[in-house]
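Working notes, structure below.
Computed from the coordinates by the stated procedures, all read-outs in this text should not be read as laboratory data. Model, not experiment: these values are computed from the prediction. Note that we place each Cβ from the backbone using ideal geometry, even for glycine, and neighbour counts take in every protein chain shown.
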Amino acid sequence: MKIRAGFIGFATIIQSILFLTHFLIYKTWLFAPGGSKFSGGWLTVTMAALSVSFLAANLLAFRFTNPAVRTLYRVAAVWLGIVSFLFFAACASWVVLGVTKLAGVNANFHAIVEILYAAAVLSGVTGVVNAGWTRIRRITVRLENLPEAWRGRKAALVSDLHLGHVRNGGFLRRIVARVMRENPDAVFLAGDLYDGTAIDAAKAAEPLRNLRAPHGTYFVAGNHEQFGDDSRYLRAVSNAGVRVLHNEKVEADDLQIVGVPYNHASHDEHLRSVLRQIGVDRNRASILLTHAPDRPHIAEQEGISLQVSGHTHVGQFFPWTWMARRIYRQFVYGLSRIGKMLVYTSSGAGTWGPPLRLGSSPEIVFFQFE
């Protein structure tokens, strides 16, 4: 009962925020002289429906996976991204009006609103297009004590595909095809393969059968696999021929490949304890595969050579891009160093929530070892 009451309270807060956001956008448009000619009862009803669409779509998405729910979820998710830009456009409209009033300028408020709202919608559309354009990133890494056999070899990193109602097995199939064209020697899947919504996990994972590398394909669970019982996701990945790493180490031509899932890397002492139990040899090169770049200082202290992660999405779009950079700082994206250890954080290949990216790009990463 407490969990249900907590969920209802959280849902109420989210819906209230969404309603107030839509109300501001709508009232800003109506306040602008000339805006009323594009208003009326139909616009009121439309805005009211859109304000509840994302929460309603989410509630349905966690239980159902039919075409109608997928369509509703996609529309609501795209709209949520666009409405965030419209919110800032509405706020900016009032700021511009205030500044012009103070300056004694008689500005056309409706023209200001039209321009800023048009820019907001264009930003949203641009974000949708950008989110569907997966880049290839090539990174050269030099690790101390790297086995001679690994010099010149290549490894792929893919994270945060978020298979669910927006992207599914078809998206994964295209990602797998692009990875395999590069013939990597190893493949790392850094979590959040699934979105956590209702999905046929086994069917969605089928394309992974074509993801083959001479020295292994490895997966660690992310937070979205571990919202609840992660067994069906891990079973689907394993049955597709991918090695699921759960607090363990694999030897690949004397290179240590270590995997720690998200919920075992969420606290300093827990992660430290796990890495010590795994028994990483500090005198040999090692790669830690873990979903989030939350505790690289612990991995460095335990002798890891390279940590590869995802999770941040670099925030996807403003203002979340700003927040992600504030939270993760140097580890929010790309290659960085802490002590003797390198860290690479991928922006991910998919999206969560709104399928938009502005200020970040989806990617597949290829490491070249030297």
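By other beta-carbon atoms within 10 Å, ranking L122, L50 with the fewest at the front produces L122, L50.
Placing a pseudo-label 7 Å from each Cα along the Cα-to-Cβ vector at Q330 and R209 gives an inter-label distance of 4.5 nm.
Among complete DSSP H helices in the chain, those whose alpha-carbon atoms stretch at least 20 Å along the helix's long axis and whose mean Kyte-Doolittle hydropathy reaches -1.0 are 2-31, 41-61, 67-102, 109-131. Dipole of the chain computed with +1 at Lys/Arg Cβ and -1 at Asp/Glu Cβ about the Cα centre; of F109, P207, L157, farthest Cα towards the positive end is F109. Summarised in one figure, the compactness ratio Rg/Rh of the stretch 10-142, Cα atoms and Kirkwood Rh, is 1.09.
Residue exposure proxy: E206, E148, ordered by other Cβ atoms within 10 angstrom of their Cβ from fewest to most, comes out as E148, E206. Treating each Cα of the chain as an identical point scatterer and summing with the Debye formula, the log10 of I(q)/I(0) at q = 0.07, 0.09 Å⁻¹ comes to -0.36, -0.58.
Ranked by how many other Cβ atoms sit within 10 Å of their own Cβ, fewest first, the residues M341, M47, M180, M323 fall in the order M323, M180, M47, M341. On the principal axes of its alpha-carbon atoms, the stretch 128-178 has extents of 44, 20, 16 Å, going from largest to smallest.
Taking amide hydrogens as placed 1.01 Å from N in the peptide plane, the amide H of E363 sits under 5 Å from those of R135, G348, A349, each at least 5 positions away in sequence or on another chain. Here is how the number arises for the chain: DSSP H runs of 4 or more residues each give -39500 (n - 2.57), the sum is divided by the residue count, and the result at 222 nm is -14500 deg cm²/dmol.
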